[in-house]
Structures are given as C-alpha cells and as structure tokens.
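Worksheet: one structure, shown below.
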C-alpha cells in the first residue's frame, strides 16, 4: 500500500518539529545561563522586543554550542577559539534592533555573523 502525499508531508513536518524540539531542549541550559547576563537593550515595539529577546538568546546559545564543538575538535586551539567566540558574541550583541533579530530568526548563527553583521556594519 502506498502512502498519500498528505501522510508523507505530515510525517516530514512532524519529524522536523521533533528535531527542532530536540535542538531547543539541548540549548535550554545555555539559554537559561544567558538570561542572567546583562545584555544590551533591544529597540522596537514591546511585542518585537519580547520575540527578539528569545531569538537572540537562542542564537547566542547556538554560538556557545558552536564554540564548544570547535574546542572539542581542536583542543590545541583553545585560546584562538575562545577569543573568536568573544569577538563573535560582541558583534552579535551590537545588533540591538529587534526587527533585525526577527528577520534572521531562521538563519544559522554562522550566517548571522558572516553575512548579517557585515551588512549591518557590526
């Protein structure tokens, strides 16, 4: 028996949603730790700021995860990786317009750093 396109689509969507939940759960401790940091205020409407705050925290947590993975792969480059991580975080924190964070919510953190920060001049 062949499955309908609708059933296949539903399974794919459910699989992607489960994958996304797993990513969010893995980042949750990092996001919680970042909430205690004093981050620059975001500019925009109250609704934009609330949404962008969550996006920014997630992207900063993704950056930390990326740095941890780099350290695991190249432990001999610890100083360089940590310095680059601090630089990248500083660049991301210069993005204070809530709308920018909302616009890049689906971007990978590497793309935000290499493309968006450059475009914004940060």
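Per DSSP H run of at least 4 residues, take -39500 (n - 2.57); add these up for the chain, divide by its residues and hand me the 222 nm value, nearest 500 deg cm²/dmol.
-23500 deg cm²/dmol
On a 0 to 90 degree scale, rounded to 10, what angle separates helix 5-35 from the longest Cα axis of the chain?
20 degrees
Note the full-extension length gain between residue 35 and residue 10 as 0.36 nm times their separation in residues minus their Cα-Cα distance, in nm to one decimal.
Residue separation times 0.36 nm, minus the Cα-Cα distance, leaves 5.5 nm.
Cα axis of helix 46-73 to longest principal axis of the chain: angle in degrees, 0 to 90, nearest 10?
The helix 46-73 is inclined about 80 degrees to the chain.
Return one quarter of the surface area of the convex hull spanned by the alpha-carbon atoms of the chain, equal to its mean projected area, in nm².
10.3 nm²
At a Förster radius of 35 Å, what calculated FRET efficiency corresponds to the Cβ-Cβ distance of residue 94 and residue 19, to the nearest 0.05?
Here the calculated transfer efficiency is 0.70.
Taking the Cα atoms only, what angle lies between the long axis of helix 78-93 and the longest principal axis of the chain, rounded to 10 degrees?
80 degrees
Each value in this text was obtained by applying a stated rule to the coordinates, not by laboratory testing. It should be emphasised that the depicted structure is a prediction, and the values quoted were computed from it without experimental measurement. Virtual Cβ from ideal backbone geometry, glycine too; neighbours counted across all protein chains shown.
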